[in-house]
Amino acid sequence: MNYQEFKDLVFNMAKAKNLTEYELFYQEAKSTELGAFGGVINAFSSSDSAEAGLRCVCGGHIGYASTSLFTEAEAESLVERAMENALSMEKEEPVLFCKGGMEYKEVTPRVVEDIPTAQMVEIALKALQCCREADPRVTESSMTSAVIQHSTTCLDNSNGVHLQNTTHLGAVIPQVIVTDNGETCDAYDFKLGNLHEADLEKLAKDTVQKALDKMGAGVPDSGKYPLVLGSNAMSSLLGVFSSAFSAENVQNGLSLMKDKEGEQIAAECVTLLDDPFYAESFRQTSFDAEGTPTRCKAVVDKGVLTTLLHNLATAAKAGVESTGNAYRGSVESPITVRPGNFYFQPGEFSAEELYEKAGNGVLVTSLGGLHAGADFVTGDFSLQSSGFMIRDGKKAEPVKSFTIAGNFYQLLKDITALGNDIELGLSCIGSPSVLVKEITVAGK
């Protein structure tokens, strides 16, 4: 039985039980993933899953139930379990379901073509071979992965909302290890899109070069330096602190963004966008996990915090409209708040121009210990880092094993320029390289 047939059965049963407010949320995922190591395929998985979750109002409370079985008997059981769950609830929750009749922007997702497994195997092995051929210092411990995923979400409710969205992901991911004179360095990279269109030789060379560039790294002197945070490093930092812009966290006392809307919280050159329609992202959607229409918005516009991110519950509590940022990790998960494609708007400068502006400073390309060394409530961070020195406006020798320490909210104010390099990647959170006025470095 397909989802639409199952949905009709559930809705008919809900009506027969005299329910007037209910919602069915459906997720379907198909994926094939494999890995190459040592010249052979050492990992393979293929999955095809589907599950649905029902929310309904019964006795003034919201009840929940979920299933991965789509039969007539299960449709009746799902409604009964959700009603029983509602009647057992003591906590009062706001009854909020998305209203019908709203307008949704049409989304044209990036399509990733399915290819035979044998061709995926060939691509993964070829990518690994290209890595090995790129430089003799690449070790046998290097590996590559190939992934194709298709995900479909449907949301239907008693208010006449009927929505569907499908996203596609394809990626080739090399992870290389190089060794020379007893020193070992590693790096990874990825290419999104159709696997058979990936330039494997270029991807391999770029990844290997990233690892080789780390060779001979020393430890910088401790002190305060102008800082260039590379695109990947700044994206990682934004990923950790993105939850600070959630209205749910603000209302629960877990963010310093409370009462900051309309205030300058960052440098004037900083604009932070939440864009569910970002053309280069594999994750685009016209509705959130509650069915609210999504929209592109500047969360921070020229340094000013213009809005927090809301779902229906947080918006009702704040007396505003939802921003379309409701999120569910699965049909069984509670509804929370999460950004869509979240990124700093690129600036006008190349990476080399940022180095020139820094003069003598530090370029950080990689951050470690992000969750242990960063407090998203206070904004404080102390993170293991690696990268390069910047000398006389040029990228210089590699450095490692040093710590940068500061505060994310102060860092936003200290950004003086943004680069024009950006790629959202697998997390859908991104940033160009940024130049920061000063950072504390703990080295030797």
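Out of curiosity, is residue 393 without any contact (Cβ under 8 Å) to a residue 40 or more places away in the chain, touching a Leu at 6+ places or on another chain (Cβ under 7 Å), surrounded by fewer than 19 Cβ atoms within 10 Å (Cβ to Cβ) and not acidic (Asp, Glu)? It is false that residue 393 is without any contact (Cβ under 8 Å) to a residue 40 or more places away in the chain, touching a Leu at 6+ places or on another chain (Cβ under 7 Å), surrounded by fewer than 19 Cβ atoms within 10 Å (Cβ to Cβ) and not acidic (Asp, Glu).
One residue stands out in the stretch 282-306 among those that are assigned to a loop (DSSP other than H, G, I, E, B) and out of contact with any Ser or Thr (no Cβ under 9 Å at 6 or more places or on another chain): the one that is farthest from residue 255 (Cα to Cα), namely 291.
Report every pair of residues separated by at least 6 positions or lying on different chains whose Cβ atoms are under 7 Å apart, first residue within the stretch 73-99 and buried (at least 16 other Cβ atoms within 10 Å of the Cβ), second in a loop (DSSP other than H, G, I, E, B) and among the hydroxyl-bearing types (Ser, Thr, Tyr). Close Cβ pairs (under 7 Å, with a partner that is in a loop (DSSP other than H, G, I, E, B) and among the hydroxyl-bearing types (Ser, Thr, Tyr)) amount to 98/292. Every condition in (1) farther than 30 Å from residue 62 by Cβ; (2) not in a strand (DSSP E or B) holds for residue 388 except the one numbered (2).
Quick grid of which residues meet (1) of a type in the set (S, T, N, Q); (2) closer than 22 Å to residue 407 by Cα:
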{"position": "236", "(1), (2)": "yes, yes"}
{"position": "257", "(1), (2)": "no, yes"}
{"position": "269", "(1), (2)": "no, yes"}
{"position": "348", "(1), (2)": "no, no"}
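Report yes if residue 31 is touching a helix residue (DSSP H, G or I) at 6+ places or on another chain (Cβ under 8 Å), surrounded by fewer than 17 Cβ atoms within 10 Å (Cβ to Cβ), assigned to a strand (DSSP E or B) and not basic (Lys, Arg), otherwise no. It is false that residue 31 is touching a helix residue (DSSP H, G or I) at 6+ places or on another chain (Cβ under 8 Å), surrounded by fewer than 17 Cβ atoms within 10 Å (Cβ to Cβ), assigned to a strand (DSSP E or B) and not basic (Lys, Arg).
Criterion applied to 176, 121, 161 was being under 30 Å from residue 17 (Cα atoms), touching a residue at least 24 places away in the same chain (Cβ under 8 Å), buried (at least 16 other Cβ atoms within 10 Å of the Cβ) and not polar (S, T, N, Q), and the one residue passing it is 161. Could you run through the stretch 261-281 and say how many residues are part of a loop (DSSP other than H, G, I, E, B) and under 27 Å from residue 166 (Cα atoms)? Total meeting the criteria: 7.
Considering 212, 203, the condition of being within 18 Å of residue 141 (Cβ to Cβ), of a type in the set (A, V, I, L, M) and in contact (Cβ under 8 Å) with a residue 60 or more places away in the chain is satisfied by 212 alone. A single entry from 320, 250, 240 fulfils the requirement of being β-branched (Val, Ile, Thr) and either surrounded by fewer than 19 Cβ atoms within 10 Å (Cβ to Cβ) or part of a strand (DSSP E or B) (or both): 320.
Read-outs throughout are calculated quantities, based only on the coordinates presented, and are distinct from any laboratory measurement. In this text, all values refer to a predicted model and were calculated from it rather than measured experimentally. Virtual Cβ from ideal backbone geometry, glycine too; neighbours counted across all protein chains shown.
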